[in-house]
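Contents: one structure, followed by commentary.
The values are calculated or read from the model by the stated rules, or taken from the named source; none is laboratory data. Here the structure is a predicted model, which means the values were calculated and not measured. Using ideal geometry, Cβ is built from the backbone for each residue, glycine included, and neighbour counts are taken over all protein chains shown.
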Amino acid sequence: MEDRGRNCSVAAVVPSLNPDQRLKATVDGLLAEGFEDVVLVNDGSRPETLGYFQELAQRPQVTLLTHEANRGKGAAMKTAFRWLLEHRPQCAGVVTVDGDGQHHPEDAMACARRMLEREEVVLGCRDFSRPEVPPRSRMGNRITCAVFRIFCGQAISDTQTGLRAIPRRYLAALAAVAGERYEYETNMLLALKDQRIPWGEVKIRTIYLEENRSSHFHTVRDSWRIYKLILAHFFRYTLSSLASAAADTGLFGLLSWLLAGTLAGTALTAAAALGARVLSSLLNFSLNRWVVFQSRGCLGRSLVRYYALAVPLLLAQFLLTEGVFRAAHISDRQTLLRTVIYGLVMAALFVGSYMIQHRWVFSTEKTEERKR
């Protein structure tokens with residue numbers, strides 16, 4: 001490690017593994033743009049590539065940190081964050097920049113300035129509709145953005161961006177986020193919501209060199225690490241819902257059988273659905289609050305919001321179920337068929353309910369995130 005003390009405003013963090021000439025061009029571009037403190041992290045690169053690090057370490061504005069073995073991009077970023085917190089007390093924040101030439105120095109500076117202006121995390125977002133974007137990257141970003149929007153409630157236009165400006169006040173929290181490799185960047189985005197960290201976006205150039213062949217991203221392994229993080233809540237929600245649906249459907253069938261001799265038609269459907277939903281909803285609320293979303297919000301507020309959602313859903317389910325019964329001429333005595341249809345209608349409302357519960361019912365924020 002080489003260290004030269006200096007005061008600075010924003011530091012550029014450049015993690016690198018097995019670099020080529022593009023690393024030198026990236027660092028020189030950052031220095032030319034006005035960055036006075038560049039923290040370069042060698043993440044266990046091969047011996048034949050060490051000359052690039054050694055040459056750049058001779059520049060007075062560059063500090064070189066080294067991992068003896070490859071630990072992953074996330075680990076390299078966290079090493080730099082912790083080092084800056086300890087050794088740069090005057091540093092106002094950082095900008096993370098990939099060392100393969102895909103981030104223009106002017107864009108890095110634009111993100112840094114926006115961060116200083118608004119005291120928020122700034123994501124440098126590319127335009128994936130441009131023709132130079134490799135199909136694999138375009139499709140991957142579209143899918144991940146859709147998953148983020150649906151399952152995480154975050155409208156991020158470039159979930160894969162490595163160009164991120166982070167104010168100093170959030171560095172310690174983000175350095176503590178789990179993940180050592182590419183999944184760390186996804187975890188960081190999830191942490192913005194969970195920790196109520198304000199964030200915004202800046203449009204940047206879309207640069208892909210040789211169709212991104214220099215990327216160290218492993219399509220299957222790293223994609224699995226990323227998606228299992230994004231969908232973790234939904235997996236738990238699915239199990240909770242299956243347990244609650246089993247209870248609800250079973251209770252509906254039982255109550256339909258018990259009440260068939262007393263009630264008929266719409267009254268039978270309404271009574272059985274109401275009784276089943278009251279009991280199953282209490283089970284579902286408990287599982288979702290403490291197991292699925294692990295909410296730290298006010299219990300009373302969450303309960304009120306939950307039933308503010310549950311009542312319209314119950315009404316929608318009743319109307320849809322009863323409508324199918326009448327359209328298909330299903331008699332009150334066909335208990336099994338009525339139960340199956342009831343379960344199918346409930347499944348159709350499944351994803352919408354998840355989105356509302358995640359974003360509103362069990363939300364723990366005191367104030368909404370700012371997204372400009």
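Mind listing just one residue for me: the one in segment 340-363 that is part of a helix (DSSP H, G or I) and free of Cβ contacts under 8 Å to residues at least 40 places away in the same chain and, of those, farthest from LEU314 (Cα to Cα)? Among those that are part of a helix (DSSP H, G or I) and free of Cβ contacts under 8 Å to residues at least 40 places away in the same chain, it is VAL340. Where helices (runs of 4 or more DSSP H) fall wholly inside segment 151-256, the ranges with 2 or more residues that are modelled with pLDDT under 90 and acidic (Asp, Glu) are 183-194. Applying a threshold of 7 Å to beta carbon distances and a minimum spacing of six or more residues, or different chains, the list of pairs starting in segment 183-201 at a residue that is within 12 Å of ALA155 (Cα to Cα) and ending at one that is assigned to a helix (DSSP H, G or I) reads LEU190/CYS152; LEU190/LEU229; LYS193/CYS152; TRP199/LEU192; GLY200/ARG114; GLY200/ARG118.
Using the structure shown, decide if ALA75 is among the aliphatic types (A, V, I, L, M) and within 17 Å of THR161 (Cβ to Cβ). Judged against the criteria, ALA75 is not a match. Residue-level check: of (1) free of Cβ contacts under 8 Å to residues at least 40 places away in the same chain; (2) in a loop (DSSP other than H, G, I, E, B); (3) polar (S, T, N, Q), SER286 misses just (2).
Checked against the criterion of being in the same structural domain as GLU180 (by TED's automatic domain parsing) and either surrounded by 16 or more Cβ atoms within 10 Å (Cβ to Cβ) or touching a residue at least 12 places away in the same chain (Cβ under 8 Å) (or both), the candidates LEU50, LEU65 yield just one match: LEU65.
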